Amino acid sequence: MLRVRSSALLLAAIFVLHIFLLQRAATESKMLPAAPESGIVLPTPVLTITSLEFKGFVSDLLFIKALILKGSTYERKEEPCMKPEEWQWFNSILIASTDLDPYFIDPYLLANAHMTWEAGMVRETNELLEKGTQYRDWDWSLPFFAGFNSFFFLHDNAKAAELLATAAQRPGPSEQLLSLAARLAYTEKKTENAVMFLEAILAKTEDKQLRKQYTTRINALQARLLLERGVSSYKKKFGRYPAVLQDIIKAGIMPEIPRDPYGGKFSMGPQGQVASTSDHLLMIGQHSGKPMSR
């Protein structure tokens, strides 16, 4: 009898704690985070115990909390809008959300949309994406995004090719993925492959703001690609790199220097590398994004 009473008391205590945590999460989800010190995420084992059979619901609350944190920075005038400790909190929230419900796709997409381009947290993003890849074993998009990040940000063609091959073996992706995986394994066409990646991402993106952002990035990379090909043609024709990009125009290889959609000015390095004064905007991008479907 005493054992039954003790078990009942323990269950009651856990239930009260569970209700308290859910109420606190719901309350905080309506508030803007006042300071990084308030950004405390309970450890996953604690969340798992206290969530009982409501793990999906608590996962949703954590995801909403991450959305509110990101949204609260849109009105800030200082740059960068989010502080490093806030990005760490943002990452911790998404880790906890996906730990509770690893099949919930929105946290993975939110991380990939913002933590890579804006925070430079590419490895942390790929850890999340590869977790999702393991659980969502029918979904080609997560290994595809992780492959792009490995290629574009981490310059790891071998890992990118491996992830793309995983994506290509799942139902739904373009048949070109396997070809792109092979090209990454054997060649170094960074700009051309980046355009192919982003065009594939754009084709699957419904959010208008994200589409606008990706389109601008594609246009910027396509302008760079035209110049890279012009430099290559000049070198084949004259046996040396042009001294300046205008030499390509003078040689009749291109009619003009393409416009940088970010407003930057293109230049060329001693080994023919094309760069722009706006390269930092290409990486950072603009505020964007809202959740996609589960």
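The values are calculated or read from the model by the stated rules, or taken from the named source; none is laboratory data. Note that the coordinates shown come from a computational prediction; the quantities given were computed from them, not determined experimentally. Reconstructed Cβ throughout: ideal geometry from the backbone, glycine too, with neighbour counts over all protein chains shown.
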Problem set entry | Enumeration of residues in segment 21-66 that are at pLDDT 70 or above, touching a Phe, Trp or Tyr at 6+ places or on another chain (Cβ under 8 Å), within 22 Å of residue 83 (Cβ to Cβ) and assigned to a helix (DSSP H, G or I) | 63, 66
Exercise. With respect to the numbered conditions (1) charged (D, E, K, R); (2) at pLDDT 85 or above; (3) not assigned by TED's automatic domain parsing to the domain that holds residue 269, which one is the sole condition not fulfilled by residue 188?
Worked result: (2)
Exercise. Out of curiosity, is residue 152 surrounded by 24 or more Cβ atoms within 10 Å (Cβ to Cβ) and within 18 Å of residue 205 (Cβ to Cβ)?
Worked result: no
For this session: Looking only at segment 80-92, decide whether some residue is out of contact with any Cys (no Cβ under 9 Å at 6 or more places or on another chain), among the hydroxyl-bearing types (Ser, Thr, Tyr) and more than 16 Å from residue 115 (Cα to Cα).
Result: no
Exercise. Right, residue 104: crowded, with 19+ Cβ neighbours inside 10 Å and either touching a residue at least 40 places away in the same chain (Cβ under 8 Å) or of a type in the set (Val, Ile, Thr) (or both) or not?
Worked result: yes
Problem set entry | Leading residue by the ranking (farthest from residue 135 (Cα to Cα)) among those in segment 71-96 that are assigned to a helix (DSSP H, G or I) and either touching a Phe, Trp or Tyr at 6+ places or on another chain (Cβ under 7 Å) or of a type in the set (Val, Ile, Thr) (or both) | 93
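Rundown of residues vs (1) of a type outside the set (Gly, Ala, Ser); (2) touching a Lys or Arg at 6+ places or on another chain (Cβ under 8 Å), yes/no style:
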residue: 53; (1), (2): yes, no
residue: 82; (1), (2): yes, yes
residue: 92; (1), (2): no, no
residue: 104; (1), (2): yes, yes
residue: 109; (1), (2): yes, no
residue: 112; (1), (2): yes, no
residue: 124; (1), (2): yes, no
Problem set entry | Exclusive hit being closer than 23 Å to residue 200 by Cα and among the hydrophobic types (A, V, I, L, M, F, W, C), set 243, 251, 223 | 223
For this session: Report yes if residue 132 is closer than 23 Å to residue 165 by Cβ, of a type in the set (Gly, Ala, Ser) and either crowded, with 18+ Cβ neighbours inside 10 Å or within 12 Å of the chain's Cα centre (by Cα) (or both), otherwise no.
Result: yes
Exercise. At pLDDT 90 or above, farther than 15 Å from residue 279 by Cα and loosely packed, with under 14 Cβ neighbours inside 10 Å - does that describe any residue in segment 256-263?
Worked result: yes
